[in-house]
1. Can you tell me which residues in the range 294-342 are touching a residue at least 40 places away in the same chain (Cβ under 8 Å) and in a loop (DSSP other than H, G, I, E, B)?
2. What's the total number of residues in the range 11-56 that are open to solvent by 100 Å² or more (accessible area, probe 1.4 Å), in contact (Cβ under 8 Å) with a residue 24 or more places away in the chain and not in a loop (DSSP other than H, G, I, E, B)?
3. Do we have ALA105 as over 25 Å from GLY171 (Cα atoms), under 22 Å from the mean Cα position of the chain (by Cα) and surrounded by 13 or more Cβ atoms within 10 Å (Cβ to Cβ) here?
4. I'd like the full set of residues that are part of a helix (DSSP H, G or I) and loosely packed, with under 12 Cβ neighbours inside 10 Å, limited to the range 81-93.
5. Of the residues that make up the range 264-278, is at least one touching a residue at least 60 places away in the same chain (Cβ under 8 Å) and open to solvent by 10 Å² or more (accessible area, probe 1.4 Å)?
6. Of all the residues that make up the range 239-259, how many are under 23 Å from HIS309 (Cα atoms), at pLDDT 95 or above and within 16 Å of the ligand (Cβ to nearest atom)?
7. So, of the residues in the range 214-234 that are charged (D, E, K, R) and over 13 Å from the mean Cα position of the chain (by Cα), which turns out to be nearest to GLY281 (Cα to Cα)?
8. Would you please list the contacts, defined by Cβ atoms under 7 Å and residues six or more apart or on different chains, that run from a residue in the range 403-426 that is touching a residue at least 40 places away in the same chain (Cβ under 8 Å) and on the phi > 0 side of the Ramachandran plot to a residue that is part of a loop (DSSP other than H, G, I, E, B) and open to solvent by 40 Å² or more (accessible area, probe 1.4 Å)?
Amino acid sequence: MNHSELDNLQTTLNNALNKLRIAMDRSMLPPLSSQYGNEMHPLDGLDQPTPVGVYEARRAALASVAELKNLLQHPFEKAAESTFAMYDFVTVQVFVEHGIVDRMAKEPSGISVKTLQSELNIDCHRLTTILRHLSACGWIRETQDGIFALNRPSRILLQGQRGRALISVPGNMRIAEALPQWLTHPEFRFSESPEHTAFQLANDITKPFFEWVKDDRNYLGRFAACVEALGEYVTPGILSDYPWQTCLNSTIIDCGGGKGSLAIALANKFPALRLVVQERGEMIELAEANIKANLDPSSVPGTVVAEAHDLFSAQPRTGDNYTFMLRHVLHNWPETQAVSILEKLAAAAGPKSKILIIERVSGHYPNTHVQLEHDLTNTTDITTSASLMNEKDILNSSSRIPYALALHLLCILNCHERTLDQWRTIISRAGLVVTGLYKLRAYVSIMECRVIGA
Ligand SMILES: C[S@@+](CC[C@H](N)C(=O)[O-])C[C@H]1O[C@@H](n2cnc3c(N)ncnc32)[C@H](O)[C@@H]1O
């Protein structure tokens, strides 16, 4: 019998796991354990880039596991998993917001539901069902009947960890629920306006997302922390896989720079860089506090500063002395607004200025698409030679997070993910041209642009 699909996936998985083992040993990384490990593994940190070999092997292994599941799972089970997927999210929310994960962290060998009931005042029968669901999802494990302990991944949900920031934005379930209604809404169904999204329907409001956010300090703080966490997840790849030393002769303007976390990380890694975080007025206080708290205290004063600036106003920083950077900004806007933001930068940029667009480029694009300007060893062309899955399938199977993020942004802002050709259309409409494309160890890439004809 020819089991070619099964055989290919099995071989891909075996090859990827063998490569992972070798790459981890080469990088002197300790073995992985999802259970029985009370500490985070070095690969769980968000401060260092994942070594190239580990990154590639892990990606191929996870993609083949996802494909194997598609191949093996009964379709009814797949339907059932999707039907009840809302509880994947809600149980994690309960786990975090009711203090369960923080309490369990104090008992590495496990805690009984009875103890959790008496301390947290939550019914132990309900707790047991919730905790068993979390256990089936791999967050925790039931060590004995009614005794639960954390697994390694749940540490990302503890106080101060980035996974916690991600899950702590309220109201997302309501927005997702409004999606079907949005698609058939008489007025909104074909609208491109950020005022006509599932977000407005879910909250029964008319203001666009960013206008609404600024009036609610609690939501603003949580949303900014979530954006910061998503940014920090891709920061190590951004720092490692782009030649930042080419920007030393200019000041980098981080347009729509949020709380300034990328600017701070760049300055801490490359102390000779100078950066300005430009943001909406209401964000400046948050950015300044973040700079004060997290910029290396030995930095030269003024290494990173924050200033209020609207993306749609004329850019006051002009000429060759500036590099302009936009991370996770253009994806928030429909084409017309994205072009308008870039036009402001094209008008301000000198012939030598670079405009760095850090965004996800959806779909598969070969390295040869654009002339790469830097050392090829820096790039991560992820296709593992021993893999029998092609890069397109690996990409698809490892794109669940970026696709989900694109869907969420569509629902709150009416914006779209973009292929390389779609990015190039926007970039050229603004009078810019892509002069370099950098694939990173992250789900975003850097499109390096300059003014056309410069
Ligand atoms: C998704 S966040 C990205 C933040 C940051 N670049 C990062 O990567 O963490 C988009 C940012 O654009 C900012 N923004 C939205 N509209 C803006 C405007 N009209 N002028 C300046 N910034 C704006 C928001 O406040 C938000 O911080």
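1. HIS309, LEU311, GLN315, ARG317, ASP320, ASN321, HIS328, VAL329, TRP333, PRO334
2. The qualifying residues number 1.
3. Numbers: over 25 Å from GLY171 (Cα atoms): yes; under 22 Å from the mean Cα position of the chain (by Cα): no; surrounded by 13 or more Cβ atoms within 10 Å (Cβ to Cβ): yes.
Considered against the rule, which asks whether it is over 25 Å from GLY171 (Cα atoms), under 22 Å from the mean Cα position of the chain (by Cα) and surrounded by 13 or more Cβ atoms within 10 Å (Cβ to Cβ), ALA105 comes out as no.
4. Passing the criteria: SER82, THR83.
5. Taking every residue of the range 264-278 in turn, none turns out to be touching a residue at least 60 places away in the same chain (Cβ under 8 Å) and open to solvent by 10 Å² or more (accessible area, probe 1.4 Å).
6. 6
7. The qualifying residue nearest to GLY281 (Cα to Cα) is LYS214.
8. Cβ pairs passing all conditions: ASN414/GLU192; ASN414/HIS196.
The values are calculated or read from the model by the stated rules, or taken from the named source; none is laboratory data. Nothing here was measured: the structure is a model prediction, and the numbers come from that model. Neighbour counts run over all protein chains shown; Cβ positions are idealised from the backbone, glycine included. Please note that ligands, DNA and RNA were not included when accessible areas were found on the heavy atoms of the full protein model with its side chains. Shrake-Rupley method; radii C 1.70, N 1.55, O 1.52, S 1.80 Å.
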